[in-house]
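Structure first, then comments.
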Amino acid sequence: MKDRAEVVIIGGGIIGCSIAYQLAKKGKKALLLERDGIGEGTSSGCDGFVFMQTKKPGKPLELALKSADLLAQFEKELGADLHYVRPGGLILIENEELLKIMEHVVEEQQKQGMEVRIISGDEARAMEPCLSDNIIAAAYSDLDGHINPIDTTQAFARGAAALGVEIETHCPVTGILMENGRVIGVDTAKGKVYSDTVINACGVWAPEIGRMVGMDIPIRPRRGMTLVTEPLGPMFHKVMLDSRYIAIKHHPEMAEGGDEFLKLGVGLSIEQTAHGNILIGNSRDFPEGYDRSVTYEVTRAIARYASKFVPFLQDVSIIRTFAGLRPYCTDGYPIVGPVKSVPGMIMASGLEGDGIALSAVIGDIVSDYAMDGTTKYEVDSFLFDRFEK
Amino acid sequence: MRLENHPILEFKRGKEIHYRFRGQDLVGYEGDTVASALHDAGVRVLSESAAKHRPRGLYCAIGNCSSCLMTVDGKPNVRVCVEPLKEGMEIEPQIGYQPYDITKVGKYKKSDKAGIVETDIVVVGGGPAGMCAALEAASHGLKVILAERNVKTGGQLVKQTHKFFGSEKQKAGTRGIDIAVELQQKLAEDPNITVWTDTTVLGYYPGNLIMAEHEKVVMGIQAKSVIISTGAFEKSLVFPNNDLPGIYGAGAVQTLMNQEGIKPGSHVLMVGAGNIGLIVSYQLLQAGVDVVAVVEAAPHFGGYEVHAQKLRRAGVPILTSHTVKYAFGKEQLEGAVICELDEKFRQIPGTEQEVKVDVMCIAVGLSPLIEMFSQAGCRLKFVPELGGHVPVIDEFQRTTVEGVYAAGDSGGIEEASSAMLTGRLAGLQAAQDMGACDNYDALHADYAEQLGLLRAGPGAAKIRNGLQKMREEV
């Protein structure tokens, strides 16, 4: 491993690999350091949603739309089949109370110029005949899609390597080298590397790197569990979520005194992969430490909850379950950009459940910063400085 | 074709069952699986593979592999080798991955029967090891749930028509099929044992919580200890066209012939001359099927001499230092080319011989089914002498995870008599570790001695080496 690099990226997940690739395209060859293997953490413990409707109106939605277009462009230029499709997405609505809230959410999104609309239960069933009769309406947008997150991460890494990026896997960073209050490199299990720019793209593990330079990064691992079914012929055409999680985002009081599913943090997400397996999710909880195991209660609840929306699923065999950790940032926004108090350090973490969808645009933003210290996007609100006031 | 006259077995056909295959009306009998009924009707090509659309037939016949997936009553991916035939069934071949016919399935029914049941011990797998483990643990007053994936217990015993070896205590001189019946009766009579058949264990969760699908309903079993006796699956052999219908694992041929009473074909090439290969060859002769030859890659066959003698007397050649070069056939097996091997197991050009067979039976060993040990976090080790990856277990059948025990082939490939004893040992140890045993020392000494005798002979040297290797780091 070389002892000097223009830029050091810590973290070989989808964010780190996207940054490495786009930075190389702009002319700087980074050294990418990964403690395990490429994409072995959060980027392979998740679904493949590139969902627009779930993004907060405003900056996050604007960036997500940009990112979705970039992903399509990268799939072409990387020459890899990432199974990226945009068949449209449904947010399923079960009752009048949820419908009212979703009507309001959709109105706000429409004001931003987003193509989204409320459709009836029958219209939803015409799109997806497997849906239960209990669904009274849905929010629908043509813009939603999904991608294979593992292949995408690997493709970014391969694309970066082809442009001369050096990737060092199984190489944990053990310290950050500082001189006169600024970053001058990193210390690793394989030796020291000097660099003026170090990017922290460690996701849920970003706080560990932060602590090395006295940063208190408010990211916590938030676990999500997913069930994988036997492979089937085409059953679903769209990607799907239920409306309750979104309603709660807008009306937190709805979460109180909820049913067993709410208590366990269980919601609905469904996508069918190109291989025919159906991924059924999902859940939210804060485990002990970095515990990535699945639990009996939650996996069972996910299966039961999904069967309410899609009855035939109760006859389908689950062949696997897995859990991943989302980098949850306490204020709900990612931490992206240079850190004023630690010159030389750039943050690129805390995207919670949006990391796959936003990977392309975050890579663009962070590679801008690493090139010129600034970016064409207006994303000052994502800076770490907001926690230092 | 069905077997009518058999020197040992008597096949009592149940009532007629009418079903449809590709729109054609066919008749089977109660007690048939879908696969055995189709075999009787001459249907051996069951489906097409997903990617290359190659013909697929039965391979393992015990629900382990995915070679026999078909669409039954609108439901794809049904393992027809273990699916009981029912009146009015509509059976279709599966071309790659098929969607569900949601007009036929999926009426949402609330199943609040599903909860968590508590027990002292759960035994996963109702073969000889699991049955003995359950009986032993229950004899010390512990409540036991025995979970078995198939519709009945007995595992591979239910097709062993040969008489067992060993001493009287290990049922020497008794046929496997009769041992199975005896153990099934004892299980049924024991008030401490609940036998759950048609129960697939889905997962192990920390604290010995088991998720299982019991009669199509997902249930939890909270146990104090878990005994894993999931058995083994048949190894495959690599040669061109090894996926043609008509090429079976040896156990599948036994299942068809000895359990379902179906003749697997007319002319058989047996691959592998260990005990299983030799015994199944002889059973094929008993069923009136021609065994063309037994080929064995090693320069010496691995099975007992007595089994080999029976074959030689019947004129079946046992060709050592031979292997299958390739198989051929359009939709299903029509023949194979065999050839000789040199001392380094390389094929010798010019030694090829063509054999016309419609059945090839692969008996090249077994691999332990270790998924559950892995999921429970038990330490695993690769020990080829024991069949591949095995859980690291001590002489008391304990794995490296507290409260998780191994019994039978899932802990290392031996034979049925040893499996029954490791089952006894596991049940006994689980009871002892829970403080439920009064007479542990005497029982343990007895079982350990019997097991020691089974493992003492020259034929068991491989197992002894394997056990030593497996325990090196314990």
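Counting only alpha carbon atoms, the long axis of helix A:355-372 and the longest principal axis of chain A meet at about 20°. If only the Cβ of Lys and Arg carry +1 and only the Cβ of Asp and Glu carry -1, the dipole of region B:240-364 around its Cα centre is close to 240 debye. Label sites at B:ASP441 and B:ALA297, each approximated as a point 7 angstrom past Cα along Cα to Cβ, lie 4.9 nm apart. Cross-link partners of B:LYS462 among lysines, defined as those whose alpha carbon lies under 18 angstrom from its own and excluding same-chain residues fewer than eight positions apart: B:LYS235, B:LYS381. Here's how it looks for B:TYR326: its modeled amide H is under 5 Å from those of B:VAL337, which are all 5 or more places away or on a different chain.
Taking the C-alpha atoms only, the angle from helix A:96-111 to the longest principal axis of chain A is near 50 degrees.
Loop-located chymotrypsin sites (Phe, Trp or Tyr not before Pro) in region A:251-327 (DSSP state other than H, G, I, E, B) with a sparse environment of at most 14 neighbouring Cβ atoms within 10 Å: A:TYR290.
What you get for the protein assembly as shown, charging only the Cβ of Lys and Arg (+1) and of Asp and Glu (-1), is a dipole of about 1060 debye around the Cα centre. Over all Cα pairs of chain B, how is the pair count split among 10 Å bins, expressed in % and running from 0 up to the last occupied bin? Each 10 Å bin holds this share of Cα pairs: 4, 19, 29, 27, 16, 4, 0.
D by Stokes-Einstein for chain A, Kirkwood Rh over Cα pairs, 4 °C, 1.567 mPa s: 61 µm²/s. Take every DSSP beta bridge whose two residues both sit in region B:287-433; close to 85 percent of them are antiparallel. Remark: mean inter-chain Cβ contacts per residue of A:319-327 equal 1, using a 10 Å Cβ-Cβ cutoff to other protein chain atoms.
A dipole drawn for the protein assembly as shown from +1 and -1 charges on Cβ atoms has a positive end, and of A:PRO338, B:GLY387, A:LEU78 the residue lying farthest that way is B:GLY387.
List the GluC sites (Glu not before Pro) in region A:339-389 that DSSP assigns to loop (not H, G, I, E or B) and whose Cβ has at most 10 other Cβ atoms within 10 Å. Which are they?
A:GLU378
The P(r) of region B:16-92 has a tail past 16 Å containing 42 percent of all C-alpha pairs. What does the average come to when, for each residue of peptide A:306-313, you count the partner chain Cβ atoms lying within 10 Å of its Cβ? Rounded to a whole number, the mean comes out at 4.
Of the trypsin sites (Lys or Arg not before Pro) in region A:281-346, which ones lie in a loop per DSSP and count no more than 14 other C-beta atoms within 10 Å?
Filter output for region A:281-346: A:LYS340.
Using R₀ = 30 Å, calculate the FRET efficiency as 1/(1 + (r/R₀)^6) where r is the Cβ-Cβ separation of B:GLU371 and A:ASP36; round to 0.05. E between B:GLU371 and A:ASP36, to the nearest 0.05, is 0.80. Across region A:285-355, the fraction of Cα-Cα pairs farther apart than 20 Å, rounded to a whole number, is 54%.
Proximity of backbone amide H atoms, modeled 1.01 Å from N, is registered between B:LEU319 and B:VAL294, B:VAL295, B:GLU296 at under 5 Å, excluding neighbours fewer than 5 places apart on the same chain. With respect to chain A, whose longest principal axis is taken over its alpha-carbon atoms, helix A:296-309 is tilted by about 50°. Other protein chain C-beta atoms within 10 Å of residue C-beta, averaged over B:6-12: 0. Nearest 5 percent is fine: what portion of the DSSP beta bridges confined to chain B is antiparallel? Roughly 55 percent of the DSSP beta bridges within chain B come out antiparallel. Here the translational diffusion coefficient of region B:240-364 follows from Stokes-Einstein with Rh set to the Kirkwood radius across Cα pairs; for 25 °C and 0.890 mPa s it amounts to 172 µm²/s.
Which of the peptides B:258-266, A:245-253 is most tightly packed, and how do the rest follow, judged by the mean count of other Cβ atoms within 10 Å per residue?
Packing order, densest peptide first, comes out as B:258-266, A:245-253.
Cross-link check: pairs A:LYS308/B:LYS86; A:LYS26/A:LYS55; A:LYS26/A:LYS66; A:LYS56/A:LYS308; B:LYS159/B:LYS263 evaluated at a Cα-Cα cut-off of 22 Å; pairs beyond the cut-off: A:LYS308/B:LYS86; A:LYS26/A:LYS55; A:LYS56/A:LYS308. P(r) for the protein assembly as shown, from all Cα pairs and a bin width of 20 Å, is 14, 38, 35, 13, 0 %, short bins first. Identify which of A:ILE38, A:ILE135, A:ILE346 has the largest mean-square fluctuation in a Gaussian network model of chain A, with springs joining Cα atoms closer than 10 Å. It is A:ILE135. Principal axis extents of the Cα atoms in region B:305-458, from largest to smallest and rounded to whole angstrom, are 65, 38, 32. Rounded to the nearest 20, the size of the Cβ-charge dipole of chain A about its Cα centre is 880 debye, with Lys and Arg at +1 and Asp and Glu at -1.
Packing-based ranking of A:95-104, B:228-237, B:120-129 yields B:120-129, B:228-237, A:95-104, ordered from highest to lowest mean Cβ neighbour count within 10 Å. Oblate is the label for region B:149-280, because a/c, from the alpha-carbon gyration tensor with a ≥ b ≥ c as root eigenvalues, is 1.5 or above and a/b does not exceed b/c.
Of all beta bridges that DSSP places with both ends in the protein assembly as shown, some 65 percent have antiparallel geometry.
What is the sum of charges around A:ALA370, taking Lys and Arg as +1, Asp and Glu as -1, for the other residues whose C-beta is under 14 Å from the C-beta of A:ALA370? For residues surrounding A:ALA370, the net value is 0.
Values in this text are rule-based calculations from the coordinates and carry no lab data. These figures come from a predicted structure and were not determined experimentally. For neighbour counting, all protein chains shown are included, and Cβ atoms are generated from backbone atoms with ideal geometry for every residue, glycine included.
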